[in-house]
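The values are calculated or read from the model by the stated rules, or taken from the named source; none is laboratory data. Computed from a predicted structure; not experimentally measured. Neighbour counts run over all protein chains shown; Cβ positions are idealised from the backbone, glycine included. To get the accessible areas, we keep the full protein, side chains included, count just its heavy atoms, and leave off ligands, DNA and RNA. Shrake-Rupley method; radii C 1.70, N 1.55, O 1.52, S 1.80 Å.
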Amino acid sequence: HNTNHDHKPLVAFIGHTDVVPSGPVEAWSYPPFDGKIVAPPSDGEDDYSDAILYGRGAVDMKGGIAAFLVALETFLGSNSDNGDDQDENGPSLSSSSSSSSSLPYSIGVLLTSDEEGDAQWGTRATLEELKRRNVQIDMAIVGEPSSLSRVGDVVKVGRRGSLSGDLSIIGIQGHVAYPHLAKNPIHESLGALKDMVDEVWDEGTEDFPPTSFQISNIQSGTGALNIIPGFKKVHFNFRYSPATTDIQLKNRVHEILNAHELDYTLSWSETNFPYETSWPSELVEEAMASVKDVMDYTAKPCTSGGTSDGRFVAMFYPKAQIVEMGLINETIHKVDEHTSVRDLESLVRIYVRLLERLQAAESMKQKVKYHDHVPIEVLP
């Protein structure tokens, strides 16, 4: 709706349609790709207020996509200048261009896949093309499941960086009965790996927790019980704060490995840089105020969690304001992933209220603050 040619700010809702594998189908209470809505017994017909939606992606993040699409239809319908734009099912996104023409901002919806995979050909590739076409994104609302125990209780305003390494320790294969004729890479690397686990990489910042180091996979040996292996492969990952750069992390890892005189090779993944929307900022304030208006409690801005497509918005549009707000993330990637219909409805109302508040703020060129300043929550 609308273009940047009229110099209106572009507000983009961003989501991904791909999901992680279901895991063992037989472990699910309902088929994971059926989208089963389970409602408790009720006296009224079609009463789904207490119903639960089960399915892979119900929370991460097709539920969030559904919520912001319904919110957009609701909002654009309420702003329609022409009642003929609506049919018996309400306004549609495809018929609401007239209602958006009077808005003080443009609206975009970006839906891609590949977020759960290599994240190369989804949002990243699309934003790269939009940038090439001189499309400017000013505000991005990512529908990732950010909430902890109540919908809207957390608004993510940034993310830590991510850096992974594939380390190969080179030894000399031999018989376990003749260790003096071999070089065991498992033994040789234990000290270095312990040093990396024990290392304090930084103390974090006011808004970010300290950098963490985790080993996620180790592979060695031939399967035979009487052979000293000739190699050991280790995959590790940093989730790092802005207190440290990726270059500093790489240099320190090499220092530790070299101090133990290991024979090794090390390849690094592409760096996902940390980002943070400045606080206070219009989008963060209005997002938090929307939660307060609808849910009557105060959201916590934070920077915890893994990576998301928000990092690509920050990469291509460094001045863009970015928030992530969505459903409760307790069951994401689990067997029996689910969300309540009530939470979906609440999220719709929060998104609608956010659009209304942004409309008022952009129209009036001022903001009315309904909440006190809340420090960013640093969560584990």
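Sort V11, V20 from largest to smallest accessible area, using a 1.4 Å probe on the heavy atoms of the protein chains.
Per-residue accessible area, sorted high to low, gives V20, V11.
With +1 on each Lys and Arg Cβ and -1 on each Asp and Glu Cβ, and nothing else charged, work out how big the dipole of the chain is about its Cα centre, in Debye to the nearest 20.
Taking the Cα centre of the chain as origin, the dipole is about 1200 debye.
Given the options H338, H180, H16, state which has the largest fluctuation in a GNM of the chain using a 10 Å cut-off (strictly under) for Cα springs.
H180
Ignoring ligands, DNA and RNA, please state the percent of accessible area on the chain from carbon and sulfur, probe 1.4 Å.
50
Ignoring ligands, DNA and RNA, how do K250, K36 rank by accessible area with a 1.4 Å probe, largest first?
K36, K250
Counting pairs of alpha carbon atoms under 8 Å apart in space and at least six apart in sequence, what relative contact order in percent does the chain give?
27
By how many nm would the segment from H260 to Q120 grow when fully extended, if each residue of separation counts as 0.36 nm and the alpha-carbon distance is taken off?
46.8 nm
Given the options W279, G305, L266, identify the residue whose Cα lies farthest towards the positive end of the charge dipole of region 245-312 (+1 on Cβ of Lys, Arg; -1 on Cβ of Asp, Glu).
Going by the charge dipole, the pick is L266.
So what is the 222 nm mean residue ellipticity for the chain from helices alone, if each DSSP H run of at least 4 adds -39500 (n - 2.57) and you divide by all residues, rounding to the nearest 500 deg cm²/dmol?
Helix-only estimate at 222 nm: -8500 deg cm²/dmol.
What fraction of the DSSP beta bridges in the chain is antiparallel, stated in percent and rounded to the nearest 5?
65
Run the numbers on region 239-317 and let me know its relative contact order in percent, using alpha-carbon pairs under 8 Å that are six or more apart.
Relative contact order for region 239-317 comes out at 31 percent.
Can you compute 3J(HN,Hα) from phi for each residue in region 203-217, using the Karplus curve 6.51 cos²θ - 1.76 cosθ + 1.60 with θ = phi - 60°, rounded to whole Hz and x for Gly and Pro?
9, x, 10, 4, 9, 10, x, x, 4, 10, 10, 9, 8, 10, 7
Per residue, how large is the accessible surface of the chain? Use a 1.4 angstrom probe and give square angstrom.
So the chain comes to 49 Å² accessible per residue, rounded to a whole number.
Please label the shape of the chain as rounded, prolate or oblate, based on the square roots a ≥ b ≥ c of the eigenvalues of the alpha-carbon gyration tensor (a/c under 1.5 means rounded; beyond that, a/b larger than b/c means prolate, else oblate).
prolate
Relative contact order of region 186-231, please, whole-number percent, based on alpha carbon pairs below 8 angstrom and at least 6 residues apart.
Rounded, it is 29 percent for region 186-231.
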